[in-house]
Structure formats: C-alpha cells, structure tokens
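Since every read-out is calculated from the coordinates, none of them should be taken as a lab result. As the structure is a prediction and not an experimental result, all values here were calculated from the model. Every residue, glycine as well, gets a Cβ built from its backbone with ideal geometry; the counts of neighbours run over all protein chains shown.
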Amino acid sequence: MLHQDMIAAIGHTPLVRLALPGTGAYAKLELQNPFAMKDRVARQVVLAARESGELLPGAPIVESSSGTMALGVALVGTALGHPVHIVTDPRIDPITLTKLRALGCFVHIVERMTAQGWQSARLERLAELRATLPGSFWPQQYSNPDNPRAYRTLAEELIADLGHVDVLVGAVGSGGSLCGTAKALRESLPELWTVGVDCVGSVIFGQPDRPGRLQGGLGNSLVPANVDHSVIDEVHWLNDREAFESTLALAAEQQIFGGNTSGSVYRVLSHLAAVEPPGTKIVAIMADRGDRYAATVYDETHWLEKELHRLPAAGAPVEVPASETVHGWSYCFPGSRRRESRCAAALPS
Ligand SMILES: Cc1ncc(COP(=O)(O)O)c(C=O)c1O
C-alpha cells in the first residue's frame, strides 16, 4: 500500500480472524501502526491544533508520557517540523527511550517523585518546561476530545472490513480508544456491546487504588475525562499475573507478539468467543507490540523478582457487583444494559 508520508501511513491496520473455539473473534492489530495505536491520536490532536492555530508552525510540543502517546507525538510532531519534548521518569523502558531519541526528541527524565509520586513530578516538570517554551502545545490525552475523535477512522475500517460488529473489546487507560471507537460504531450499530478491560487496583471503574501495579498502558489512579462510562456495558479486571500470562499465551497460541494490554484483551476475547451465541462478531483492539516488554512481561527473571507466580490466576472470570473489591479476573455490568443473547446461548438446548 503506497503512502506519501509517514503520517499517511498511520491507521489502515490489519484485522485478523483468530483461531479460537466458538464464535467469530477478530484482532484489530493497532500494533502494526508505525509505532502503536496512539499514532492515530497524535495525528488527530496535532493536526487539529495546527488547524485551530493553537499550535503554530515550528512551535514546540510538550507531552508527559513514557509509552505509546510519547511515540505517536514524536512521530507526528517531528514529521511536521515541531521540536518535541517528552517528560518521563526513570521507569521508561530502554526501547521507547531509544526510539524517542532516534527521532530527535528532547527527553526530560525527572529524577525524584514529588507529593503524588512520579505523575506529579512529571506534571511539575512539564509546567516548568512550558514556562521556558513560549507558544508550546500540550496534547493532554486524558481530557482532549481529539483523543476519542481519532478513532472514527478505526471504526470506519472495521465497518469496511466486517460490515457489522456485535461486540467491541478494548483496554482502558485514557478511555479514548474504546469509547471513541464505540461511539463512532454506535452511530450505525446502536446495539453494539462494549467491553472495557482494566487492571486490578485501577480506579477507573470504581476499584480502590493500588499503587505498584505492573501492567502498563491501561488502568489509572484518577478517572480520566475521556472515559465515557455511558458507552461501556461490561468491565473486566485482570491481575498482573493473569495479564502477563495472557500476553505469553497470545504469542504462543496466535503468533501475535503484543504488549500486556493486548494479552488482557485476548483473555477476555477468548472468554467472550466461548459464551457468545454462534455468529457473533467480536473485535478486540490490540494496541502495541511486545518489544518494549522484553525485559518484563516476557522475562522469567522479572516474574521471579516480582513474585508473580504467587498471585492467583483464574481460568474463568467471576461476576461481581460493581462495588466489590477484586483481586483477580472478575467482571461486572456497570450500566443498565444486559446481554440477553449470551444467557440464551448458555442454556442447555
Ligand atoms: C499499550 C496500550 N494499550 C492500551 C492503552 C489504553 O488506551 P486508551 O488510552 O485509549 O484508553 C494504552 C494507552 O496508553 C496503551 O499504551
């Protein structure tokens, strides 16, 4: 497929039918973007800011991220001739750091935590930096409506490929990808069932905050403005061991080398494929490649150091009331909708 530049090469990702028992299960390989899923967000946010005049030609872009958003902003920002400043902390993985520097970004690594840990240290550094960089633009993925808006293209690709989607599964961090894709799909598919995947110890769906979570990309200690709870019908939580084991299973069973959020959505997708009625089309969004996780998720030494084998690992999820604190794979229906077709499919014929 010919593209005139790297920005045009964002999106148009493969949709792959997975070898899973049960109904039609598909992986949307956002990990096949030039860097990862957030390339779409960076393109939308940066182009909209240039269009509105908030970002002038040649002005700096400043973002706090150590993952996919940093890479997307690095790609789009530098391609359009903006100096890109990324504020991060010492937990950044070496592969992302190498990629950011190779693209010519200025990477600012804060040295110590402040009152609210690394997050506040990064935001304080970002504010200091912006004071020295007049005209700088801050994408703010957690609240910028151009984040969910970026996924209209993803929804259009799914419709073009499948014609119809019954169930959409995605990890929730800022909320942009799952809520943005679901809202765009519901314009033509109002019955779409939306399943969010989070980690144990994240507050997004009302669980108590548990610092020290090992899973990256999903979960949060605050509820981001871009999480639109009204479009999410079902929520699953996995603990660190379950998420990492599922990531290894995704590679071994489906030949997809992904990050831990792809592993978690794969676990939930496999479960849904087994309990949904025949003919249901289920799509899971797989956000990034596994290379950044070589020394963690995929490394036995890391497993031993973090004593991951000591955590419980469930073979199937347990339904819990939305208010119950969870420790392993669990799910709930946070809204008023119920999946009647699934109940019917589970009844003996
Ligand atoms: C690897 C990965 N997966 C999933 C997510 C969650 O996506 P969103 O922020 O759109 O909720 C992110 C977010 O940064 C991510 O980096």
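Counting only alpha carbon atoms, the long axis of helix 117-132 and the longest principal axis of the chain meet at about 30°.
Could you tell me what percent of the DSSP beta bridges with both partners in segment 16-137 are antiparallel, to the nearest 5? Antiparallel bridges make up about 25 percent of those DSSP assigns within segment 16-137. Would you mind classifying segment 136-225 by shape? Square roots of the alpha carbon gyration tensor eigenvalues, ordered a ≥ b ≥ c; an a/c under 1.5 is rounded, otherwise it is prolate if a/b is larger than b/c and oblate if not. Taking the square roots of the gyration eigenvalues as a ≥ b ≥ c, segment 136-225 is oblate.
Give me the extension gain from Gln32 to Ala313: residue separation times 0.36 nm, minus the current Cα-Cα distance, reported in nm with one decimal.
Details: separation 281, 0.36 × 281 = 101.16 nm, distance 2.94 nm.
Between Gln32 and Ala313, full extension yields an extra 98.2 nm.
Please work out whether segment 166-268 counts as rounded, prolate or oblate from its C-alpha gyration tensor, where a ≥ b ≥ c are the square roots of the eigenvalues and a/c under 1.5 means rounded, while otherwise a/b larger than b/c means prolate and anything else oblate? Cα axes put segment 166-268 in the oblate bin. The H on the amide N of His108, modeled in the peptide plane, is under 5 Å from the matching H of Ile86, Val87, Thr88, each at least 5 residues off or on a different chain.
Would you mind checking segment 326-341 for residues with the amide N under 13 Å from a putative spin-label position 7 Å along Cα→C-beta of Glu191? Within reach of a label on Glu191, which here means backbone N under 13 Å from a point 7 Å along Cα→Cβ, segment 326-341 contributes 339-341. Volume of the convex hull of segment 6-99 (Cα atoms only), normalised per residue: 123 Å³. Estimated at 0.36 nm per residue, the fully extended path between Ala274 and Val16 surpasses their Cα-Cα distance by 91.1 nm. Helix 240-254 and the long axis of the chain differ in direction by around 80°, with both axes built from C-alpha atoms. Rounded, prolate or oblate, given the Cα gyration tensor of segment 267-349, with a/c below 1.5 counting as rounded? Prolate, since a/c reaches 1.5 and a/b exceeds b/c. Highest mobility in the GNM of the chain, judged by mean-square fluctuation with C-alpha springs under 10 Å and restricted to Leu218, Leu154, Leu311, is found for Leu311. If R0 is taken as 41 Å, the Cβ-Cβ distance between Arg342 and Asp209 corresponds to a FRET efficiency of 0.85. Taking the charge dipole of segment 273-349 about its Cα centre, with +1 at Lys and Arg Cβ atoms and -1 at Asp and Glu Cβ atoms, the residue from Thr296, His309, Val283 reaching farthest to the positive side is Val283. Of all the options Gln116, Gln207, Gln141, the one that moves most in a Gaussian network model of the chain with Cα springs shorter than 10 angstrom is Gln116.
Across Val231, Val41, Val197, mean-square fluctuation computed from a Gaussian network of the chain (C-alpha pairs under 10 Å connected) peaks at Val231.
With the biggest extent put first, the Cα atoms of the chain measure 68, 45, 36 Å across the principal axes.
Per residue of the chain, the DSSP helices (runs of n ≥ 4 H) give a summed -39500 (n - 2.57) that works out to -10500 deg cm²/dmol at 222 nm. The count of lysine pairs in the chain that are at least 8 places apart or cross chains, and whose C-alpha atoms lie under 30 Å apart, stands at 10.
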